[in-house]
Amino acid sequence: MTPLRFSFPRLRGSLATLLLGAALPLASVPLTALAHGDFKAPHGGAVAEAPSGHHIELVREDGRLAAYLTDHDGKPVNAQGAQAEVTLLSGGAKSTAHLAPAGGNKLIGATTAATAAAGAKAVLRLTLPGKAAEQVRLTLK
C-alpha cells in the first residue's frame, strides 16, 4: 500500500513569501531601537537602569559624587527623601559614600579622588520614599 502524499507547492511558496514579508520590516529596525542598555548621560557620567525603570546617572563633580535620577522617559525624579549609598572599588581599594538629596533629582556625597577615578567600579544602592531598595552597577567615567 502506498502512503498518501499531499503536495502543495503553491502553498509552500506563498507561506515562504508571507514569512519573508513579515521578517523584512523587522530587519530594517536598528538594534539600538530595541535595546534598553544605551542611555543618555546629560551630565557626562555613567548611567544604569534600575529594576524599577529609573535611570541613575553617577557623576564625579568637584571631588564629590553626584547621582541624578530620571524615569524611563528621561524626566527628572524628585530625590527628596531618597537615600543612597555608593561602594567604589578601584585598584584594590574600597570605599563607601552616602549620598543625600541636594534638590531636584540630585543626590550628592563626599568621596576621595583616589577611589573615584575613571574606571572605578561602583555599586549604588538607592531607596526612594515608600519604595523597595534597588541596586545598580556602573563604571565611572
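The values are calculated or read from the model by the stated rules, or taken from the named source; none is laboratory data. This is a predicted model, so every value here is computed, not measured. Neighbour counts run over all protein chains shown; Cβ positions are idealised from the backbone, glycine included. Accessible surface areas use protein heavy atoms only, side chains included; no ligands, DNA or RNA. Shrake-Rupley method; radii C 1.70, N 1.55, O 1.52, S 1.80 Å.
Summary table
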read-out: Residue match in region 129-141 (condition: part of a loop (DSSP other than H, G, I, E, B), open to solvent by 30 Å² or more (accessible area, probe 1.4 Å), under 14 Å from G45 (Cα atoms) and out of contact with any Pro (no Cβ under 9 Å at 6 or more places or on another chain)); value: yes
read-out: Listing of strands (runs of 3 or more DSSP E) fully contained in region 56-104 that carry 1 or more residues being under 14 Å from R125 (Cα atoms) and open to solvent by 70 Å² or more (accessible area, probe 1.4 Å); value: 83-90, 93-101
read-out: Residue that is nearest to K131 (Cα to Cα) [pool: residues in region 70-105 that are modelled with pLDDT of 95 or more, among the polar types (S, T, N, Q) and in contact with a Ser or Thr (Cβ under 9 Å, 6 or more places away or on another chain)]; value: Q83
